[in-house]
Amino acid sequence: MGSQHKKLLQINITANWGSHGKIAEGIGKIVLDHGWESYIAYGRWMNPSQSTLYHIGSKWDEARHGIISRLFDNHGLNSKNATRKLIQYIQSIQPDIIHLHNIHGYYLNYPILFEFLSQYNAPVVWTLHDCWTFTGHCAHYMFIGCEKWKQHCEYCPNLKAYPKSLLFDRSYQNFEDKRGDFTSLKNLTLVPVSNWLQEQIEQSFLKEQNIITIHNGIDVQLFKPASNNKEILEKYKINANKHIVLGIASNWYHKGLEDFIKLRNILNNQYEIVLVGLNKKEQKQIPRDIIGIPRTQNIKELVTLYSTADVYFNPTWEDNFPTTNLEAMACGTPIITYRTGGSPEAIGQHTGFVVNQGHIQQAAEIIKRISLEGKEKYANACRNHIETYFNMDTQYMKYFELYNQLLK
């Protein structure tokens, strides 16, 4: 491969933006620290990065891909020119490892990419953050309880879910196309980010592939207990004398907003419910006595909110491995989550509780118990658990070790 520096190229919908983009950024930092070169090719949004960035396609291409996909249910089959240009870029840098993350999101043509990857003889690592890779349409099927993907997708009951299709149902053919392309590489390693997702993959057409689970990690220097919360309390009119129940989502679709509204009716006014990540419509939807905060990229605010809360409640109905659970515990706050996907996998001894989906009464009892005992009882265990098992430096090192193993 020419130069003595090893080169990593990651491909993701975002660069250093949102949870997957931050994971790619963190992996890039690790390889840079070890004398490699790091490149990230991204489709849509970015923040400045330590890696060299390459923007795939354009806003126009993405819009076109989105519209065609919505009409014909052929997500991932447009953006041909953008993908051919990406391939020229890959050939110009000659990476030793190609690491895929989310390749869906209206910016990439997967048949063209996979045809290239099957000829380009470098190892490919693919981190799976959802289920899109092995279904004929959706990225998540949990909410509607569909299991067609285990045999063969057709007559999709989930067409209105992302990536939404308004006219056609191409799920049978999408399933065929993906199975053909995604099983075509000789040197592919799939990395689900939860044990739950690994179990799903093992029941799909990808079950013969090399599969290794690596849980997501977070920046434990960034997410740590913060004491000074006066400013935040004033800014959002949060009553410091009440017990604070916090909920956070970057997108509240299937993440339990209705459950928080029900919880509000159960808990008395000694409890303040604070929700982050609401869009304008959702802010109108919630009752007056819930504090709604729009999505924030301000990490310092988030850290203060996590640290101020008595308990973090994550009533998600569809999830793979939510990092908000980790962030809350890293700030010393115990969590309650539904038994959904990989969400319970974050919880260790004395760091939180798992309840069945929709069991809001039970969640309310636990919230009362925590506020009675005081969160101090849980704070150290929460912090230590994240430092031990979900520190991003340790987790991303596992990717670097995997790369070196694959290059041997």
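Data table
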quantity	calculated
Environment charge of Ser184, counting only residues whose C-beta is closer than 14 Å and scoring Lys/Arg +1, Asp/Glu -1	-2
Cα gyration tensor shape of segment 230-389, rounded if a/c is under 1.5, else prolate or oblate by comparing a/b with b/c	rounded
Distance violations [Cα-Cα > 26 Å] among Lys160/Lys255; Lys300/Lys375; Lys207/Lys255; Lys22/Lys284; Lys164/Lys262; Lys148/Lys280	Lys207/Lys255; Lys22/Lys284; Lys164/Lys262; Lys148/Lys280
Average Cα contact separation per residue, segment 230-389, under 8 Å, 6 or more apart, as relative contact order %	22
Three-way shape label, segment 106-153, alpha-carbon gyration tensor, a/c 1.5	prolate
Relative contact order of the chain, defined on C-alpha pairs under 8 angstrom at six or more residues apart (%)	13
Pairwise centroid distance, computed over Cα atoms, of segment 391-408 with segment 309-341, Å	26
Local net charge near Tyr378, Cβ-Cβ under 13 Å (Lys/Arg +1, Asp/Glu -1)	+1
For segment 208-225 versus segment 38-110, the gap between their alpha-carbon centres in whole angstrom	24
Sequence ranges 147-156, 316-325, ranked by mean other-Cβ count within 10 angstrom, highest first	316-325, 147-156
Along each principal axis, Cα extent of segment 117-207, largest first, Å	39, 28, 21
Estimated inter-spin distance, Gln270 and Glu231, nm [label 7 Å along Cα→Cβ]	3.2
Peptides ranked, highest mean first, by Cβ atoms within 10 Å: ranges 26-39, 8-21	8-21, 26-39
Segment 1-160 shape via C-alpha gyration tensor axes, a/c threshold 1.5	prolate
Kirkwood Rh, Cα atoms: Rg over Rh of the chain	0.97
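The numbers here are math on the coordinates, done by the rules we state, and not lab data. None of the values given here were measured: they were computed from a predicted structure. Every residue, glycine as well, gets a Cβ built from its backbone with ideal geometry; the counts of neighbours run over all protein chains shown.
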